[in-house]
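Peer 1: Before anything else, here's the structure in question.
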Amino acid sequence: MMRKTKSCGVIVMRKQPQISFLLMLNSPNSKLIYDLPKGHTEFGEDELSCALRELSEETGIKSENLDLDNNFRYTETGQTRYKRFKGEKVEKTLVIFLAWLKHEVDLKLTEHSGYKWMDWNPPHDIQKTTINPLLAQLDRYLLI
């Protein structure tokens, strides 16, 4: 039986100075990689608690700074090899929630080399496997 793992995060949107969303930056080997604030669930933790904990740990954004949209939920499941499990193939589920920033906050990064507020201007072509499908689903949702 294949091991299963779950990672949860939040796509943070803001309305000012224009509609935009937060992406985390990493630059290993001088290559720019965009990511979302997310991480693995801890024992006994539900998906939303995990997502908000990871957001706070990685950006300093606390849940009280957000308006959570309980009607949006992005999920993808796939197989990948995990270093933490000695290269074993695992089934990984990713769950992303949507939240709107209530007001400007100072970000306090702990795991990423930087961040970028990307203007909302669909369709987006940022990262094929996760971010593009997430943003496409979010675009369809926001048009409702």
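The values are calculated or read from the model by the stated rules, or taken from the named source; none is laboratory data. Just so you know, these numbers come straight off a predicted model, no measurement behind them. No Cβ is skipped: glycine too gets one built from the backbone with ideal geometry, and neighbour counts run over all protein chains shown. What goes into the accessible areas is simple: the full protein's heavy atoms, side chains included, and nothing from ligands, DNA or RNA. Shrake-Rupley method; radii C 1.70, N 1.55, O 1.52, S 1.80 Å.
Peer 1: Considering only DSSP beta bridges with both partners in the chain, what is the antiparallel share in %, to the nearest 5? Working shown, then result.
Peer 2: Details: 28 of 39 bridges.
So the antiparallel bridges in the chain amount to around 70 percent.
Peer 1: Now a separate question. Please give the per residue accessible area of the range 105-144, computed with a probe of 1.4 Å over protein heavy atoms only, in Å². Working shown, then result.
Peer 2: Working: 2710 Å² over 40 residues.
On a per-residue basis, the range 105-144 sits at 68 Å².
Peer 1: Taking only pairs that are 8 or more places apart or on different chains, how many Lys pairs in the range 1-100 have Cα atoms under 23 angstrom apart?
Peer 2: 20
Peer 1: With axes computed from alpha carbons, what is the tilt in degrees of helix 131-142 against the longest principal axis of the chain, rounded to the nearest 10 within 0 to 90?
Peer 2: 50
Peer 1: Could you work out how far the C-alpha centroid of the range 1-80 sits from that of the range 82-111, in angstrom?
Peer 2: 4
Peer 1: Where does the chain land at 222 nm, in deg cm²/dmol rounded to the nearest 500, when only DSSP H runs of n ≥ 4 count, each adding -39500 (n - 2.57), divided by all residues?
Peer 2: Values: 2 runs with 25 residues, N = 144.
Estimated from H runs of four or more residues: -5500 deg cm²/dmol.
Peer 1: Right, another one. Counting other Cβ atoms within 10 Å, keep those with at most 14, restrict to DSSP loop, and tell me which trypsin sites (Lys or Arg not before Pro) in the range 31-71 are left. Present the calculation step by step, with values, prior to reporting the outcome.
Peer 2: Details: sites: Lys31, Lys38, Arg53, Lys62; in loops: Lys31, Lys62.
When the trypsin sites (Lys or Arg not before Pro) of the range 31-71 are filtered for loop state and at most 14 Cβ neighbours within 10 Å, Lys31, Lys62 remain.
Peer 1: Using modelled amide H (1.01 Å from N, peptide plane; none on Pro or chain starts), what sits under 5 Å from the amide H of Tyr115, excluding residues fewer than 5 places away?
Peer 2: Counting only residues 5 or more places away or on other chains, the set is Leu25.
Peer 1: Right, here's the next one. When the Karplus curve 6.51 cos²θ - 1.76 cosθ + 1.60 is applied with θ = phi - 60°, which whole-Hz ³J(HN,Hα) does each residue of the range 36-50 get, with x for Gly and Pro?
Peer 2: 10, x, 7, x, 6, 5, 9, 3, x, 8, 7, 4, 5, 4, 4
Peer 1: What is the set of long-range amide H partners of Gln127 at a cut-off below 5 Å, with H atoms built 1.01 Å from backbone N?
Peer 2: Asn132
Peer 1: If you don't mind, there's one more thing I want to ask. When only C-alpha pairs under 8 Å and at least 6 residues apart count, what is the relative contact order of the chain, in percent?
Peer 2: 32 percent.
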